[in-house]
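Asker: Sharing a structure, written as structure tokens. Questions coming.
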Amino acid sequence: MRPIDVESTRRDFPILERSVHGRPLVYLDNAATTQKPRAVIDALVHYYENYNANIHRGIHALSEEATARYEEARLKVARFIGAPAAETIVFTRNTTESINLVAHAWGRKHLRAGDEVLLTVMEHHSNLIPWQLLARDTGAKLRFVDIDDEGRLLWDDFERLLGPRTRLVSVTHMSNVLGTINPIKDIAELAHSRGALVLVDGAQSVPHLPVDAPALDCDFMAFSAHKMLGPTGVGVLYARPGLLEEMDPFLGGGEMISRVLLEESTWNDVPWKFEAGTPNIADVIAFGAAIEYLQGLGMDAVRAHEMEITAYALEALSAVPQVTIYGPTDAEARGGVVSFNLGDLHPHDLGTVLDRFGVAVRAGHHCAQPLMRRLGCVATARASFYVYNRLEEVDTLVEGVREADRFFGHVATRA
Ligand SMILES: Cc1ncc(COP(=O)(O)O)c(C=O)c1O
């Protein structure tokens with residue numbers, strides 16, 4: 001494995017040259033969305049300047065080129081997660097839409113009153129609300145696996161709640177708050193042995209870890225291009241071969257049909273049956289460039305870099321009096337996300353001070369309000385890392401946290 005050369009990687013990201021409030025930008029909000037390398041920006045511009053056309057329709061050269069590049073991107077995505085065929089990949093708008101697609105097209109077909117969907121208390125709202133809506137419409141019930149004090153799933157709880165009526169286990173691969181990496185292969189093995197399918201929310205794992213969806217044996221996997229160097233507006237749903245075929249359509253309209261009569265219609269082959277209307281052509285093609293970029297770095301190297309910087313951040317932050325860090329203490333058990341609080345200081349105040357240092361972090365509930373309640377806080381600050389982050393940027397983060405402590409010291413609770 002060739003380690004990531006952070007300095008040369010940084011030169012590929014034009015935005016990293018800018019300053020914020022007179023200080024160099026320290027971008028530590030990668031779990032929300034990542035920055036884009038020149039190759040991705042160029043792919044977008046190249047499409048619009050050279051072969052902008054609608055796909056799957058025209059017989060003219062531009063349309064053929066655009067269709068070919070769009071379908072090539074699908075193949076790149078499939079290979080990136082070890083999927084056996086491009087047809088297992090549906091392009092959506094984001095992780096949220098991918099999960100909603102499954103809730104509608106699979107859930108409404110297969111779930112009956114009294115059936116159960118097993119989730120965990122660490123899910124992002126995107127992997128919670130679609131199931132709440134589904135439960136409301138079908139009479140299905142939701143069950144939730146709890147976590148221990150370090151933010152790891154309670155395996156006994158999982159085994160106990162996985163019952164004869166569980167039809168689906170829908171779980172995040174990596175928590176966007178705690179960083180916890182969940183044992184998907186073990187979860188899938190047990191779920192399958194009891195007749196349930198498994199959906200993996202890969203929004204935080206696919207960008208940061210080497211992920212092989214078939215090896216994990218999941219049935220569905222959802223993730224977003226914008227969290228892995230790609231453009232906004234593109235999401236992915238992977239489905240185990242055969243599953244998409246038996247699902248009902250999600251959205252109806254152009255492209256997803258085969259034959260249309262006034263009263264009824266038949267559907268296109270998968271995956272196009274799930275891509276109604278003109279898709280996000282330019283962004284899908286540029287997503288292909290993002291995947292090539294990540295493959296150039298190597299996902300093992302991405303993971304190794306993030307483990308190093310996370311371990312460094314865990315140590316540096318825990319040396320600051322009054323800082324509470326959430327999630328596993330061991331960098332190997334977690335991804336590059338560190339959520340923390342400084343005494344009783346509201347994370348928004350902390351985030352505002354950090355912003356003056358040029359440091360961009362997230363402050364809030366991170367779309368995981370039930371998890372916040374479970375942790376006994378209303379919000380956290382969150383630093384999240386990626387391929388272009390330097391160890392010294394963690395030093396700037398810690399400098400800002402110490403300054404916030406000095407500035408707001410009177411409200412923070414002394415240990
Ligand atoms: C674990 C997890 N799931 C789902 C999502 C939703 O992703 P998107 O907003 O791209 O749909 C996020 C985004 O932060 C996330 O971290």
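Asker: Can you give me the number of residues within the range 80-118 that are within 12 Å of the ligand (Cβ to nearest atom) and either under 29 Å from CYS377 (Cα atoms) or touching a Phe, Trp or Tyr at 6+ places or on another chain (Cβ under 9 Å) (or both)?
Answerer: The first filter runs over the range 80-118 and keeps only residues within 12 Å of the ligand (Cβ to nearest atom), leaving 92-101.
Okay, now just the ones that are also either under 29 Å from CYS377 (Cα atoms) or touching a Phe, Trp or Tyr at 6+ places or on another chain (Cβ under 9 Å) (or both), so 92, 94-101.
Final tally of qualifying residues: 9.
Asker: Among the residues of the range 72-94, which ones are of a type in the set (D, E, K, R) and closer than 20 Å to ALA43 by Cβ?
Answerer: GLU72, ARG74, LYS76, ARG79, ARG93, listed by residue number.
Asker: Something else now. Looking only at the range 44-65, which residues are surrounded by fewer than 17 Cβ atoms within 10 Å (Cβ to Cβ), polar (S, T, N, Q) and not in a loop (DSSP other than H, G, I, E, B)?
Answerer: Residue satisfying the conditions is ASN50 alone.
Asker: I've got another one for you. Test each condition in (1) surrounded by 24 or more Cβ atoms within 10 Å (Cβ to Cβ); (2) touching a Lys or Arg at 6+ places or on another chain (Cβ under 8 Å) for ALA222 and report the one that comes out false.
Answerer: Single failed check for ALA222: (2).
Asker: Filter the range 166-192 for residues that are under 18 Å from the mean Cα position of the chain (by Cα), surrounded by fewer than 22 Cβ atoms within 10 Å (Cβ to Cβ) and of a type in the set (A, V, I, L, M) and give the result.
Answerer: The answer is ILE181, and nothing else.
Asker: Pull out all pairs, ordered by first then second residue, where Cβ-Cβ is under 7 Å, the residues are six or more apart or on different chains, the first lies in the range 298-314 and is within 14 Å of VAL398 (Cα to Cα), and the second is part of a helix (DSSP H, G or I) and open to solvent by less than 10 Å² (accessible area, probe 1.4 Å).
Answerer: Note: pairs meeting the criteria are ILE309/VAL394; TYR312/VAL394; ALA313/VAL394.
Asker: When you go through (1) open to solvent by less than 50 Å² (accessible area, probe 1.4 Å); (2) touching a residue at least 12 places away in the same chain (Cβ under 8 Å) one by one for MET1, which number turns out not to apply?
Answerer: Just one mismatch for MET1, condition (1).
Asker: Which helices (runs of 4 or more DSSP H) does the range 312-415 wholly contain that include 1 or more residues that are more than 19 Å from ASP29 (Cβ to Cβ)?
Answerer: Where helices (runs of 4 or more DSSP H) fall fully within the range 312-415 and carry at least 1 residues being more than 19 Å from ASP29 (Cβ to Cβ), they are 369-375, 391-407.
Asker: Filtering the range 15-43 down to residues that are open to solvent by less than 20 Å² (accessible area, probe 1.4 Å), among the β-branched types (Val, Ile, Thr) and outside any helix (DSSP H, G or I), which residue is nearest to the ligand (Cβ to nearest atom)?
Answerer: Among residues in the range 15-43 that are open to solvent by less than 20 Å² (accessible area, probe 1.4 Å), among the β-branched types (Val, Ile, Thr) and outside any helix (DSSP H, G or I), the one nearest to the ligand (Cβ to nearest atom) is THR34.
Asker: For residues in the range 193-218 being of a type in the set (S, T, N, Q) and either within 14 Å of ILE99 (Cβ to Cβ) or away from the ligand (no atom under 13 Å from the Cβ) (or both), which is surrounded by the most Cβ atoms within 10 Å (Cβ to Cβ)?
Answerer: GLN204
Asker: Step by step: first the residues of the range 125-154, then only those that are in a helix (DSSP H, G or I) and free of Cβ contacts under 8 Å to residues at least 24 places away in the same chain, then the one that is least open to solvent (accessible area, probe 1.4 Å). Which residue is that?
Answerer: ALA135
Asker: Here is a follow-up. For LEU244, all conditions in the list (1) more than 16 Å from the ligand (Cβ to nearest atom); (2) open to solvent by 10 Å² or more (accessible area, probe 1.4 Å); (3) not aromatic (Phe, Trp, Tyr) hold save one; what is the number of the exception?
Answerer: Exception for LEU244: condition (2).
The values are calculated or read from the model by the stated rules, or taken from the named source; none is laboratory data. Since the structure is predicted, the reported quantities are computational estimates derived from the model, not experimental observations. So basically every Cβ, Gly included, is an ideal-geometry build from the backbone, and we count neighbours across all protein chains shown. Just the protein is used for accessible areas: all its heavy atoms, side chains included, with ligands, DNA and RNA removed. Shrake-Rupley method; radii C 1.70, N 1.55, O 1.52, S 1.80 Å.
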